[in-house]
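Following: one structure in structure tokens, then a few remarks.
A short reminder: the numbers here are calculations on the coordinates, not readings from a lab. This is a predicted model, so every value here is computed, not measured. Backbone-built Cβ (ideal geometry, glycine too); neighbour counts: all protein chains shown.
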Amino acid sequence: AVIRAGSYTDELVRTAKTIASPGRGILAIDESNATCGKRLASIGLDNTESNRQAYRQLLLTTPGLGEYISGAILFEETLYQSTTYGKKFVECLNEQKIMPGIKVDKGLVPLPGSNNETWCQGLDGLASRCAEYYKQGARFAKWRTVVSIPCGPSALAVKEAAWGLARYAAIAQDNGLVPIVEPEILLDGDHAIERTLEVAENVWSEVFYYLAENNVLFEGILLKPSMVTPGAEHKEKASPEIIAKYTLTMLKRRVPPAVPGIMFLSGGQSEVEATLNLNAMNQSPNPWHVSFSYARALQNTVLKTWQGRPENAEAARKALLIRAKANSTAQLGQYSG
Ligand code: 13P
């Protein structure tokens, strides 16, 4: 097989390995302005640039964060922002040995001809955007597309999701960014866990088919899968042990060991559930580093504690460190509640 990833091969492998290092995972704070606005509204704040900046500053300048966090995914606005005292956020991250990452997809739009499903935009102009983000200090990228079980998923939606991810991954690597490959299979639905397993196996087989067809360097990517769970409206909940068993079965069947890291999304699980499930997955050795790339499961308590008030900043940072440390411990399989 040809190994191709432009002139960045060695660097991509190094970056991916650094992000997937023992006891560390990713802090996802790449909410689009619209989504960030929803989070801010939940604590009564307006969706202004200065409120978004203040919230991200609180998170990114938390002392000691780098012990548990190896990468932070930013929205484009944040990549170019600085602290109120004039230090680039990218520099704050580099000082803590946290790699800066960037969300590069342009979001979901309806997919005509499908079963009310969506596809993910953003390939036009992606190469030049990636080159620019690299210059700004980003070293990895994220592209999130979505698959819905209650909507089918249709063969068309799965193929489009997989092809888009593969084109994006090749372009990101060509410009020095490690692509996080994220086909999020939504939790929505009343289906049993077996159905999620079946859909996830199908999605990941298509994704790897097209990644290979696009000559993507597997040693220089990271995955961001959903855990294999029953649908959110299913009559019974599954234990962390069952979720770990199904999820690892799926990954072992579909993901080559050349891939360095599996960084799960939390997808609406509670903070503690997300930690317990990750811990269960690390009870025996895996072929890859199995870790986290959580947004909501790292931020929910932080937001509630902060409330937009400077006097709550310290307590909010403590809340962030508590979740980050818990997930770090779970990455090592040593979390005990
Ligand atoms: P959650 O962990 O809140 O699911 O978000 C992760 C993410 O980046 C979704 O794309």
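Test of understanding: what is the full-extension gain from T48 to S82, defined as 0.36 nm times their sequence separation minus their Cα-Cα distance?
So the extension gain works out to 10.7 nm.
For K325, which lysines qualify as cross-link partners when the Cα separation must be under 28 Å and same-chain residues fewer than eight apart are set aside?
The reachable lysines, counting only those whose Cα sits under 28 Å from K325, are K17, K38, K87, K88, K97, K103, K142, K224, K237, K245, K252, K304.
By its C-alpha gyration tensor, with a ≥ b ≥ c as the square roots of the eigenvalues, how is region 17-118 shaped: rounded for a/c under 1.5, else prolate for a/b larger than b/c, else oblate?
In terms of gyration-tensor shape, oblate.
Could you go through region 96-101 in sequence order and give the Karplus-derived ³J(HN,Hα) for each residue, using 6.51 cos²θ - 1.76 cosθ + 1.60 with θ = phi - 60°, rounded to whole Hz, and x for Gly and Pro?
With coefficients 6.51, -1.76 and 1.60, one gets 8, 6, 9, 6, x, x Hz.
For region 72-88, what does the Karplus curve 6.51 cos²θ - 1.76 cosθ + 1.60, with θ = phi - 60°, yield as ³J(HN,Hα) per residue in whole Hz, taken in order and with x for Gly and Pro?
Residue by residue, region 72-88 yields 10, 8, 10, 7, 3, 4, 5, 4, 9, 8, 10, 6, 5, 9, x, 9, 4 Hz.
Sort 212-223, 64-75 for me by packing, meaning the mean count of neighbouring Cβ atoms within 10 Å per residue, highest on top.
In decreasing order of mean packing, 212-223, 64-75 become 64-75, 212-223.
What distance in nm separates the simple spin-label points at L123 and R309, each placed 7 Å from Cα in the Cβ direction?
Once both label points are built, they end up 5.0 nm from each other.
Relative to the Cα centre, what is the charge dipole magnitude of the chain, using +1 at the beta carbon of each Lys and Arg, -1 at the beta carbon of each Asp and Glu, and rounding to the nearest 20 debye?
700 debye
With Cβ to Cβ distances under 15 Å as the rule, what net charge do the other residues near L223 carry (K, R +1; D, E -1)?
+2
List the trypsin sites (Lys or Arg not before Pro) in region 202-262 that DSSP assigns to loop (not H, G, I, E or B) and whose Cβ has at most 12 other Cβ atoms within 10 Å. Which are they?
Those satisfying the criteria are K235, K237.
Pick out, from S226, G23, Y168, the residue whose Cα sits farthest towards the positive end of the charge dipole of the chain, with +1 on the Cβ of Lys and Arg and -1 on the Cβ of Asp and Glu.
Among S226, G23, Y168, the one farthest towards the positive end of the dipole of the chain is G23.
Taking the dipole about the Cα centre of region 1-154, with the C-beta of Lys and Arg at +1 and of Asp and Glu at -1, give me whichever of S70, A54, A131 is farthest to the positive side.
S70
Nothing charged except the Cβ atoms of Lys and Arg (+1) and of Asp and Glu (-1): what's the magnitude of the dipole of region 162-206 about its Cα centre? Round to the nearest 20 debye.
Here region 162-206 has a charge dipole of around 240 debye.
Which value, to two decimals, describes the C-alpha radius of gyration of region 131-204 once divided by 2.2 N^0.38 Å?
Taking N as the residue count of region 131-204, the ratio is 1.30.
Roughly what would the spin-label model give for E11 and D190, points 7 Å off Cα along C-beta, in nm?
Placing both labels 7 Å along Cα→Cβ, they lie 5.2 nm apart.
Take the alpha-carbon centre of region 202-246, take the same for region 80-116, and report the distance between them in whole Å.
23 Å
State which helices in the chain qualify, where a helix is a whole DSSP H run, it must extend 20 Å or more along its own axis by its Cα atoms, and its mean Kyte-Doolittle hydropathy must be at least 0.5.
TM-like helix candidates: nothing returned.
Which of H234, H289 has the fewest other C-beta atoms within 10 Å, and how do the rest follow up to the most?
H234, H289
When the gyration tensor of the chain is built from Cα positions, what are the square roots of 5 times its three eigenvalues, in whole Å, from largest to smallest?
For the chain, the ellipsoid semi-axes come out as 28, 24, 20 Å.
For R253, put the label point 7 Å out on the Cα→Cβ axis and report which residues of region 157-193 keep their amide N under 13 Å from it.
193
Give me the extension gain from A131 to A41: residue separation times 0.36 nm, minus the current Cα-Cα distance, reported in nm with one decimal.
Taking 0.36 nm per residue and subtracting the Cα distance, the gain is 29.0 nm.
Using modelled amide H (1.01 Å from N, peptide plane; none on Pro or chain starts), what sits under 5 Å from the amide H of A141, excluding residues fewer than 5 places away?
Answer set, sorted by chain and number: I102, V178, I180.
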